[in-house]
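J.: Right, I'll just put the structure down here and ask away after.
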Amino acid sequence: MPDNADEWTSWRDDVFGDSFVAWHDGLSVERVLPRWSADPSSAERMLVLGLQRRDPIAASAVEYLVRAGLPMDGFDERLRQALEQSSGGFRVKASEALYAKTADSRLADPVCDVLEGSRYEHERAEAARALWGFGLSPRVLDALSKGVQDDDYLVRRHSAQSLLILAGRSTTIEKQPDLWRLIRIDHDKRAWRQAAADLCAMVP
């Protein structure tokens with residue numbers, strides 16, 4: 001009999017495909033909906049196992065189901081419990097899922113923690129990408145300003161893009177040549193500081 005970790009991994013890969021492929025090519029999170037519709041009790045049990053394993057795919061699936069209009073009763077507390085002892089990419093995804101369920105803007109704080117504190121560039125970039133979705137606050141603005149000054153280009157890029165969205169600009173940072181020129185330069189902290197100041201000035 002497989003243990004719970006193997007059971008979750010087997011179910012996850014059956015629904016979403018190999019996790020490396022999902023990470024590399026993008027997660028087809030919508031695949032969870034027909035599985036939930038066909039057997040909600042089994043799907044719920046598997047997603048709970050996934051949250052217990054701190055698997056970001058489980059949190060993304062819960063967020064998708066919430067945004068699809070399903071009540072997802074009981075997942076508020078499950079997500080909160082998982083969030084308390086989490087880090088990195090799972091912390092970002094669990095915060096997004098719980099925000100979709102509760103609209104509590106304070107859930108931006110754990111994502112800011114990842115952006116400001118993770119030692120892994122891909123985790124900081126994921127946090128920067130997600131932050132605009134929690135709405136504008138002084139903490140979010142400060143974290144994204146720091147993100148624009150990160151040593152990693154993708155972190156700078158996603159932080160800048162989130163600030164553009166919060167400023168109400170329906171464009172990409174690549175289409176803002178003066179700003180993009182500043183953030184794409186490596187090893188130029190003065191340019192990054194200027195980009196951060198210019199972007200923050202655009203936010204109302």
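Values in this text are rule-based calculations from the coordinates and carry no lab data. Computed from a predicted model, the values in this text were never measured in an experiment. With ideal geometry, Cβ positions are generated from the backbone for all residues, glycine too; neighbour counts draw on all protein chains shown.
J.: With the requirement that a residue be surrounded by 11 or more Cβ atoms within 10 Å (Cβ to Cβ) and of a type in the set (A, V, I, L, M), what does the range 5-39 give you?
T.: Ala5, Val15, Val21, Ala22, Leu27, Val29, Val32, Leu33
J.: Do any residues in the range 108-128 that are surrounded by fewer than 23 Cβ atoms within 10 Å (Cβ to Cβ) have Cβ atoms under 6 Å from those of residues that are among the polar types (S, T, N, Q), where the two are at least six apart or on different chains, and which pairs are they?
T.: Pro110/Ser95
J.: So for the range 40-49 (the condition being within 21 Å of the chain's Cα centre (by Cα) and exposed (fewer than 13 other Cβ atoms within 10 Å of the Cβ)), does at least one residue qualify?
T.: The answer is no; no qualifying residue exists.
J.: If Leu136 passes every condition in (1) touching a residue at least 60 places away in the same chain (Cβ under 8 Å); (2) at positive phi but one, which one does it miss?
T.: Only one criterion in (1) touching a residue at least 60 places away in the same chain (Cβ under 8 Å); (2) at positive phi is unmet by Leu136, namely (2).
J.: Go through the range 172-200 and give me each residue that's surrounded by fewer than 16 Cβ atoms within 10 Å (Cβ to Cβ), more than 20 Å from the chain's Cα centre (by Cα) and within 17 Å of Ala128 (Cα to Cα).
T.: Result: Glu174, Arg193, Ala197.
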